[in-house]
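Enquirer: Structure provided below as structure tokens; questions to follow.
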Amino acid sequence: MHPPYIKSIDGLRAIAALMVVFFHSPIPIFQFQFGWAGVNIFFILSGFLISRILVASKNSDFKTFLKNFYMRRVLRVFPLYFLYLGVAFLGLIALNSLLKGDDENIKQGLADLRANYPFFLSYTYNFEAIFHYLYQGTTFFQSTFTGHLWTLSVEEQFYCIFPLIIYFLPLEYLKRGCIISILLIPCLRLFSVLYLNNHIHSSFVIGNVLNYFTVFQLDTFAIGIYIALFDTSHILKWWPFIVLISTLVFLSVGIYHLTSLENNELSISSFGFDEPVFQFSYRPPSSQILANRYFYSIPILNLLFGLGLLLLIRKNIAGKFMSNKYLRYIGKISYGIYIYHLGFSYVFLKLSEQLLKHGIQQVSWELQTFFMLIYLSLLILLAGISYKYFEIKFLSFKKNFIYNHKLVPPGKT
């Protein structure tokens, strides 16, 4: 048996995917600086969905429990991931040869795949990137074609450990651990930033090191786990009041950031919550803790996204909107959208500039809008074709690994 399917979850996946797509938009006027937070929504959803599945099936025997979970994850994640790596590698070889090595981003992408394939294959690319940031600092740049794959590494590392925790840890201890993670991880991020700042005077490097380290994402996963494990009906009774307070907190903190904190990269499209790699200001020293938005911004956003997930589960107006067929379709193919979007955005940008004979930022906003619509249409088409003719072939095998229930042994939970 499988926990009941929640249609609005697909809608939330769609929103998260589109946020990331617009964050990496090849069209300048459509770059959405708040879009980085779409990754946090994905992590919260992972924590929520995986917890529901694993808790519902933890009464299976251990071998069946692990086999069903890991095989279903492998069938969902591995085929498209490795297809993309293979196509990217062959495509970059062809493009590099065609352009006679004149495109630095293509050269870098090819070099990145050749040098780091063991890390891509083992889902440890985030650790490789952390190592390079620590020892190369701002001279290290990630590939335009594979830089987004660190999130897959973080998720797979979470998947490796969390099923074991679910199976062997009594539910009450799991709940306590969830709350401890939500409270403790922001403090660990704060101390880590303050420590690293004594050795690395680059907010960009510090931000990436913390962002890519799986441990520092555990509070984000824990928000989803909390929603899956705890009775939240008492929270939902007050949902209009909670929505009002949450909106006021979001606007207040965002406006404070926009008006008070030094950040040359900050724009209105960030809503005051800029990309994590720019979220630390260490001048003047007296404002370190206040300006370290790794301590309070990410937890605030995680809580807001968690509340949003609760409202969707409640099946109110928001849930009905997020369940519409268009958002659900984009949510269904969101994995493909995420995998393809970064490399495709660069190729689309270069082809557009070849067509226009100059940079796309030099054309009118109307023409940029037209190109953005073409880009989104082609990206969704690509992900849709990938899902229908490739991914679904592997997903059909998931029926061989159905979750099941047994009576709960005494003391098990």
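Enquirer: Can you work out which of the residues in the range 333-358 that are in a helix (DSSP H, G or I) and aliphatic (A, V, I, L, M) is surrounded by the most Cβ atoms within 10 Å (Cβ to Cβ)?
Expert: As a first pass, look at the range 333-358 and keep what is in a helix (DSSP H, G or I): 334-356.
Right, trim to aliphatic (A, V, I, L, M) and you get 337, 339, 342, 347, 349, 351, 355-356.
Working: Ile337: 26, Ile339: 24, Leu342: 22, Val347: 15, Leu349: 20, Leu351: 11, Leu355: 9, Leu356: 13.
Across the range 333-358, the extreme among qualifying residues is Ile337.
Here is a yes/no grid of residues against (1) within 18 Å of Lys398 (Cα to Cα); (2) in contact with a helix residue (DSSP H, G or I) (Cβ under 7 Å, 6 or more places away or on another chain):
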| site | (1), (2) |
| --- | --- |
| Pro26 | no, yes |
| Phe30 | no, yes |
| Gln33 | no, yes |
| Ile41 | no, yes |
| Gly47 | no, yes |
| Ser57 | yes, yes |
| Ser60 | yes, no |
| Thr64 | yes, no |
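Enquirer: Quick test for you: out of Pro240, Pro186, pick the one residue that is under 22 Å from the mean Cα position of the chain (by Cα) and assigned to a helix (DSSP H, G or I). Steps first, answer last, please.
Expert: Working: Pro240 fails: under 22 Å from the mean Cα position of the chain (by Cα).
The conditions single out Pro186.
Enquirer: Hey, could you check the range 57-72 for residues that are crowded, with 18+ Cβ neighbours inside 10 Å and part of a loop (DSSP other than H, G, I, E, B) and say which is nearest to the chain's Cα centre (by Cα)?
Expert: Lys58
So that you can scan it fast, the table gives a plain yes or no per residue for (1) buried (at least 22 other Cβ atoms within 10 Å of the Cβ); (2) part of a helix (DSSP H, G or I); (3) more than 19 Å from the chain's Cα centre (by Cα):
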{"site": "Pro4", "(1), (2), (3)": "no, no, yes"}
{"site": "Ile15", "(1), (2), (3)": "no, yes, no"}
{"site": "Phe34", "(1), (2), (3)": "no, yes, no"}
{"site": "Ile41", "(1), (2), (3)": "yes, yes, no"}
{"site": "Val55", "(1), (2), (3)": "no, yes, yes"}
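Enquirer: Applying the selection to the range 156-178, what residues are among the hydrophobic types (A, V, I, L, M, F, W, C) and either in contact with a strand residue (DSSP E or B) (Cβ under 8 Å, 6 or more places away or on another chain) or in a helix (DSSP H, G or I) (or both)?
Expert: Just the residues of the range 156-178 that are among the hydrophobic types (A, V, I, L, M, F, W, C), to begin with: 158, 160-162, 164-166, 168-169, 171, 174, 178.
Answer for the range 156-178, where residues must be among the hydrophobic types (A, V, I, L, M, F, W, C) and either in contact with a strand residue (DSSP E or B) (Cβ under 8 Å, 6 or more places away or on another chain) or in a helix (DSSP H, G or I) (or both): Phe158, Cys160, Ile161, Phe162, Leu164, Ile165, Ile166, Phe168, Leu171, Leu174, Cys178.
Enquirer: Still on this structure, please answer the following. Quick check on the range 73-92. Is at least one of its residues without any contact (Cβ under 8 Å) to a residue 12 or more places away in the chain and either touching a Lys or Arg at 6+ places or on another chain (Cβ under 8 Å) or basic (Lys, Arg) (or both)?
Expert: No, the range 73-92 has no match at all.
Enquirer: Would you check which residues across the range 314-351 are in contact with a helix residue (DSSP H, G or I) (Cβ under 7 Å, 6 or more places away or on another chain), among the hydrophobic types (A, V, I, L, M, F, W, C) and more than 18 Å from Leu80 (Cα to Cα) and list them?
Expert: Those that are in contact with a helix residue (DSSP H, G or I) (Cβ under 7 Å, 6 or more places away or on another chain), among the hydrophobic types (A, V, I, L, M, F, W, C) and more than 18 Å from Leu80 (Cα to Cα): Ala318, Met322, Leu327, Phe348, Leu349.
Enquirer: Would you pick out the residues in the range 224-237 that are among the hydroxyl-bearing types (Ser, Thr, Tyr), closer than 17 Å to Phe305 by Cβ and part of a helix (DSSP H, G or I)? It would help to see each step written out before you state the result.
Expert: In the first step, residues of the range 224-237 are kept if they are among the hydroxyl-bearing types (Ser, Thr, Tyr); the result is 226, 232-233.
Those still in the list that are closer than 17 Å to Phe305 by Cβ too: 226, 232.
Result: Tyr226, single match.
Enquirer: Now for a different question. Without any contact (Cβ under 8 Å) to a residue 40 or more places away in the chain, crowded, with 16+ Cβ neighbours inside 10 Å, among the hydroxyl-bearing types (Ser, Thr, Tyr) and not in a helix (DSSP H, G or I) - does that describe any residue in the range 125-134?
Expert: No - not one qualifying residue is present in the range 125-134.
Enquirer: Run Leu75 past the list (1) under 28 Å from Tyr403 (Cβ atoms); (2) surrounded by 18 or more Cβ atoms within 10 Å (Cβ to Cβ); (3) of a type outside the set (Ser, Thr, Tyr); (4) at pLDDT below 95 and report the number of the one that doesn't hold.
Expert: Only one criterion in (1) under 28 Å from Tyr403 (Cβ atoms); (2) surrounded by 18 or more Cβ atoms within 10 Å (Cβ to Cβ); (3) of a type outside the set (Ser, Thr, Tyr); (4) at pLDDT below 95 is unmet by Leu75, namely (4).
Enquirer: Examine the range 313-332 for a residue that is more than 30 Å from Pro240 (Cα to Cα) and buried (at least 16 other Cβ atoms within 10 Å of the Cβ), and state whether such a residue exists.
Expert: Going through the range 313-332, the residues more than 30 Å from Pro240 (Cα to Cα) turn out to be none.
No - not one qualifying residue is present in the range 313-332.
Enquirer: Please verify whether the range 244-262 includes one or more residues that are at pLDDT below 85 and closer than 22 Å to His199 by Cβ.
Expert: yes
Enquirer: Looking at the range 17-32 only, could you name the residues that are outside any loop (DSSP other than H, G, I, E, B) and either hydrophobic (A, V, I, L, M, F, W, C) or under 14 Å from Ser270 (Cβ atoms) (or both)?
Expert: Applying the first criterion (outside any loop (DSSP other than H, G, I, E, B)) to the range 17-32 yields 17-23, 28-30.
Result: Ala17, Leu18, Met19, Val20, Val21, Phe22, Phe23, Ile29, Phe30.
Enquirer: Only one of these is crowded, with 21+ Cβ neighbours inside 10 Å and either aromatic (Phe, Trp, Tyr) or not in a loop (DSSP other than H, G, I, E, B) (or both): Ser153, Ser192, Ser252, Ser246. Name it.
Expert: Details: Ser192 fails: crowded, with 21+ Cβ neighbours inside 10 Å; Ser252 fails: crowded, with 21+ Cβ neighbours inside 10 Å; Ser246 fails: crowded, with 21+ Cβ neighbours inside 10 Å.
Criteria check complete, one pass: Ser153.
The values are calculated or read from the model by the stated rules, or taken from the named source; none is laboratory data. Note that the coordinates shown come from a computational prediction; the quantities given were computed from them, not determined experimentally. Reconstructed Cβ throughout: ideal geometry from the backbone, glycine too, with neighbour counts over all protein chains shown.
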